[in-house]
1. For segment 1-42, just say rounded, prolate or oblate: build the C-alpha gyration tensor, square-root its eigenvalues into a ≥ b ≥ c, call rounded for a/c under 1.5, and beyond that prolate if a/b exceeds b/c, oblate if not.
2. Within the chain, what is the number of lysine pairs with alpha carbons under 22 Å apart, leaving out pairs fewer than eight places apart on the same chain?
3. Which value in deg cm²/dmol, rounded to the nearest 500, describes the helix-derived mean residue ellipticity at 222 nm for the chain, given -39,500 (n - 2.57) per DSSP H run of n ≥ 4 and division by the residue count?
4. Would you work out what percent of the accessible area of the chain, with all protein chains in place, is carbon or sulfur (probe 1.4 Å)?
5. In percent, what relative contact order does the chain have, based on Cα pairs under 8 Å that are 6 or more apart in sequence?
6. Write down the accessible area per residue of segment 17-76 in Å², having rolled a 1.4 Å probe over the full set of protein chains.
7. Nearest 10 degrees is fine. How inclined is helix 57-66 to the longest principal axis of the chain, computing both from alpha carbons?
8. Quickly work out the TYR17-to-THR69 label distance, labels modelled 7 Å from Cα along the C-beta direction, and quote it in nm with one decimal.
Amino acid sequence: MKKQVITYKKIDDLIPYARNSRTHSEDQINQLASLIKEFGFRGAILIDGDNGIIAGHGRVLACKKLGLTDIPTVDG
């Protein structure tokens, strides 16, 4: 089993998946931002080897709303 390593990456270096079928309303982004602000970041963004986002698009948008610049990621 491959050991997962959390790496902090610049949020602007992450690339959203262009064909992501999941969308998030502004209310959902605001809720995620509130949760991150209150409880901290509890789940790393899953990325591929080229900084492409596999899972966590909504959390990335919430982090941008909060002005965060470096966020935890894990290679998938």
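1. oblate
2. Step by step, the pairs that qualify in the chain add up to 8.
3. Estimated from H runs of four or more residues: -10000 deg cm²/dmol.
4. Of the solvent-accessible surface of the chain, carbon and sulfur hold 51 percent.
5. Once divided by the residue count of the chain, the mean separation gives 47 percent.
6. 65
7. Its long axis makes an angle of about 60 degrees.
8. Placing both labels 7 Å along Cα→Cβ, they lie 2.9 nm apart.
The values are calculated or read from the model by the stated rules, or taken from the named source; none is laboratory data. What you see is a predicted model, and the numbers here were worked out from it, not measured in a lab. All Cβ positions, glycine included, derive from the backbone under ideal geometry; neighbour counts span all protein chains shown. Note: accessible area is taken over every heavy atom of the protein model, side chains too, but ligands, DNA and RNA are not part of it. Shrake-Rupley method; radii C 1.70, N 1.55, O 1.52, S 1.80 Å.
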